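Participant: Take a look at this one; I'll ask things after.
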Amino acid sequence: MENFKFLAKRLAILFGGIIGLIVVIFIGIQLYQTNPDLFRYEEIADADWKPRDVENEMETTYIMPDVRYGYEILTETQKHIGPQAKKPEMRYAGNNLKCTSCHIESGNLPGGSSWAGVTDRYPKFGGRSNSTGDIKDRVNGCMERSMNGEMIDRDSREMRSIVAYMEWLGDKIPESQVQPIAGFAELELPNRAVDLNKGKKVYMKDCTLCHKDDGQGVRNSELEDGYQYPPLWGEDSYNEGAGMHRVITASKFIKANMPYLSATRDEPVLTDEEAYDVAGYINSFDRPSKPNKEDDFPDRKLKPVSTPYAPWADDFSAEQHKYGPFKPIIEHYIEKHDIKKSK
Ligand code: HEC
Ligand code: HEC
């Protein structure tokens, strides 16, 4: 009798357990059918991630001092580390552009060379120096070229603050977003050279409102306050070594972002051909030269095809490297060196 009771108790627990398990599985299946998202925490978090609302957060929330200082440097570069800096030793940048003249909307716009997640993309290999560089090296790449200036000391408060702001921008960014957010627009390269006459027409129609006929843009009242609309060529512009001086890179930037406030990466205003021709047009004017640029890309095979300055690892003309057609050069590198170039 005792034995039987013992066995019955065991069996009851066993059956109870099995029934409980079936109920849990059943409820699970029901829940999954009605709301599968409950079981996908990771992906939902990914899809929900949005770029920060920078201006709003700067005004309404507490921001760590280094993040805030980084933001100020990047959005008013000329005042903090440029020609308008009070202390001469702080004048690293050589022109009155801001970093955010090209990294649109405080460097936070997908398609506007966003910095959200950029710190996750470095260190990485760069052909320009033929070595692996970290985020500070990359910042200094734009300092020496886009800003026509000098490198910022790696350990300075300024450099640390710039990186802190970039990290803040990409806070909690899911890995799946890091690449899609980067860069500019996709563009089908026309299989012909830039047509400067057509480029000029596009410029006169879609760009002069802000950048003016002479390409010199519009200053804020004092140069200390920088430009309302930045210059696109001339002494106060990016130098010859800058990424924006390459027609392929400039066309992709322009397609995704210009005319300002009308074009976006998903809804561009210009066609691929218009962006291509106008990119050639703005880069046909004089701009500051870059010292020692012949030392760029020690492995010359890695030089982007639209780098407009010598030397190259091929026999295409300087004219063709500047204005295209680029497809034959791209094909040459695939056939001869098994290297697929996109810029
Ligand atoms: C004249 C336009 C211009 C200005 C001004 C400029 N940049 Fe850039 N920057 C670019 C372009 C174009 C690229 C992408 C180059 C390429 O595709 O090779 C880039 C790339 C970068 C990258 C790497 C982005 C990535 O996704 O890997 C960083 C970081 C960066 N810039 C920081 C800065 C900082 C900091 C400043 C100011 C000190 C600055 N840039 C000013 C045009 C500019
Ligand atoms: C409505 C005004 C406006 C129009 C129109 C416009 N831009 Fe811009 N552009 C800007 C502003 C403003 C910036 C800098 C972004 C910032 O300060 O936030 C800029 C930045 C640029 C830059 C990078 C910064 C530099 O100085 O090199 C290039 C290149 C550029 N524009 C080219 C063009 C081209 C080409 C067109 C015509 C297809 C065009 N823009 C039309 C306002 C405009």
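Participant: When you go through (1) within 15 Å of ligand 1 (Cβ to nearest atom); (2) surrounded by 15 or more Cβ atoms within 10 Å (Cβ to Cβ); (3) within 25 Å of residue 256 (Cβ to Cβ); (4) not small (Gly, Ala, Ser) one by one for residue 277, which number turns out not to apply?
Facilitator: (1)
Participant: Identify, from the list 62, 71, the residue that is exposed (fewer than 14 other Cβ atoms within 10 Å of the Cβ) and either over 20 Å from residue 241 (Cα atoms) or among the charged types (D, E, K, R) (or both).
Facilitator: 62
Participant: Given the residues 223, 232, which is the only one that is under 16 Å from residue 95 (Cβ atoms) and within 11 Å of ligand 2 (Cβ to nearest atom)?
Facilitator: Sole residue among the options that is under 16 Å from residue 95 (Cβ atoms) and within 11 Å of ligand 2 (Cβ to nearest atom): 232.
Participant: Further question on the same structure: For the subset of the range 83-127 comprising residues that are crowded, with 22+ Cβ neighbours inside 10 Å and over 13 Å from the mean Cα position of the chain (by Cα), which member is farthest from residue 237 (Cα to Cα)?
Facilitator: Among those residues, the one meeting the criterion is 92.
Participant: Could you tell me which residue of the range 261-274 is surrounded by the fewest Cβ atoms within 10 Å (Cβ to Cβ), considering only residues that are without any contact (Cβ under 8 Å) to a residue 60 or more places away in the chain and within 13 Å of ligand 2 (Cβ to nearest atom)?
Facilitator: 261
Participant: Determine whether the range 285-297 contains at least one residue that is crowded, with 17+ Cβ neighbours inside 10 Å, more than 13 Å from ligand 1 (Cβ to nearest atom) and farther than 18 Å from residue 141 by Cα.
Facilitator: no
Participant: Give 136, 124, 172, 201 a once-over and let me know the one that is within 14 Å of ligand 2 (Cβ to nearest atom) and not polar (S, T, N, Q).
Facilitator: Criteria check complete, one pass: 201.
Participant: Another one. Would you pick out the residues in the range 305-334 that are under 21 Å from residue 286 (Cα atoms) and surrounded by 15 or more Cβ atoms within 10 Å (Cβ to Cβ)?
Facilitator: Correct list: 305, 306, 307, 308, 309, 320, 321, 322, 323, 324.
Participant: Can you confirm whether residue 220 is in the same structural domain as residue 319 (by TED's automatic domain parsing), free of Cβ contacts under 8 Å to residues at least 12 places away in the same chain and closer than 22 Å to residue 96 by Cβ?
Facilitator: yes
Participant: Let me ask something else about it. More than 18 Å from residue 228 (Cα to Cα), polar (S, T, N, Q) and touching a residue at least 40 places away in the same chain (Cβ under 8 Å) - does that describe any residue in the range 85-98?
Facilitator: no
Participant: Do you know which residues across the range 163-213 are touching a Phe, Trp or Tyr at 6+ places or on another chain (Cβ under 6 Å), under 24 Å from residue 254 (Cβ atoms) and part of a loop (DSSP other than H, G, I, E, B)?
Facilitator: 184, 189, 190, 193, 194
Participant: Let me ask another. Taking only the range 140-175 into account, find how many residues are over 19 Å from residue 64 (Cβ atoms) and either out of contact with any Asp or Glu (no Cβ under 6 Å at 6 or more places or on another chain) or within 10 Å of ligand 1 (Cβ to nearest atom) (or both).
Facilitator: The total comes to 16.
Participant: Got at least one residue in the range 167-178 being without any contact (Cβ under 8 Å) to a residue 60 or more places away in the chain and of a type in the set (Gly, Ala, Ser)?
Facilitator: yes
Participant: Now, a different point. Could you grab me the full set of residues in the range 249-274 that are hydroxyl-bearing (Ser, Thr, Tyr) and either away from ligand 1 (no atom under 16 Å from the Cβ) or at positive phi (or both)?
Facilitator: 262, 264, 271
The values are calculated or read from the model by the stated rules, or taken from the named source; none is laboratory data. Here the structure is a predicted model, which means the values were calculated and not measured. Note that we place each Cβ from the backbone using ideal geometry, even for glycine, and neighbour counts take in every protein chain shown.
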